[in-house]
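Input: a single structure, listed below in structure tokens.
Just so it is clear, none of the values below were taken in a lab; they were calculated from the coordinates. None of the values given here were measured: they were computed from a predicted structure. Methodologically, a virtual Cβ is constructed for each residue, glycine included, from the backbone with ideal geometry; neighbour enumeration extends over all protein chains shown.
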Amino acid sequence: MTRRQLLPWILQGSELGEHVLEVGAGPGAATEELGRLAGLAGCVTSLEYDHAFAAKLGARVNASNAAVIQGDAAMLPFADGTFSSAVAILMLHHLRCSEQQDRALAEIWRTLRPGGVFLAFEILDGWLHRVAHIRSTFVPVVPVSAFARLTTAGFSKVTIDIRRGVFRIRALRAREA
């Protein structure tokens, strides 16, 4: 489903470039497909907060064009302008508070190159999603506020598309004058 339906919708109209940052890789449902889409000359750097997930995913993608790093999205361990694109699938709502989400958005912007694209996929707030997250953090991102939050982080050309209980975000780091 991730490869055939979710990623095509999230990536529609966007170029990943040669160095993709996957923020919040989890068990890696999208990691290998992002690596395939980055191509032979490209690579994916997957960041995962949970040590066990990061270790398992790192072992699975060993010897591919993906690298897995354990770390915090609100304090990315990468230099400014490292990545051509960043992808966050079902990750932002797992951050503990909206301030931490805003720090993560600012960090993603910082680590993107000018002209880089940020693509995210999130779920809307609702009782079913709250029940599904009863044992984990669930701080839903509200689509109506996402535009302002992304703009504050430095992004431009922000678009938000909503479908049955989910939404995608596309935002650019503007090319510098």
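Quick notes on this one:
- Computed on the chain, with alpha-carbon pairs under 8 angstrom and 6+ residues apart, the relative contact order is 20 percent.
- Table column - 3J(HN,Hα) (Hz), segment 61-71, Karplus curve with 6.51, -1.76, 1.60, x for Gly and Pro: 9, 3, 6, 10, 8, 10, 10, 10, 10, 7, x
- Selected from G17, G165, G71 as most flexible by GNM, with the chain as the system and alpha-carbon contacts under 10 Å: G165
- For segment 2-172, the spread of Cα coordinates along the three principal axes comes to 41, 34, 31 Å, biggest extent given first.
- Most mobile listed residue (F121, F167, F78) in the chain, GNM with C-alpha springs under 10 Å: F78
- Gaussian network model of the chain, Cα within-10 Å springs - most flexible of R163, R113, R130: R163
- Taking other C-beta atoms within 10 angstrom as a stand-in for reagent exposure, I89, I108, I162 fall in the order I162, I89, I108, fewest first.
- Which of T2, T31 has the fewest Cβ neighbours within 10 Å, and the rest in rising order: T2, T31
- Cα gyration tensor, segment 52-141 - rounded (a/c under 1.5), prolate or oblate: oblate
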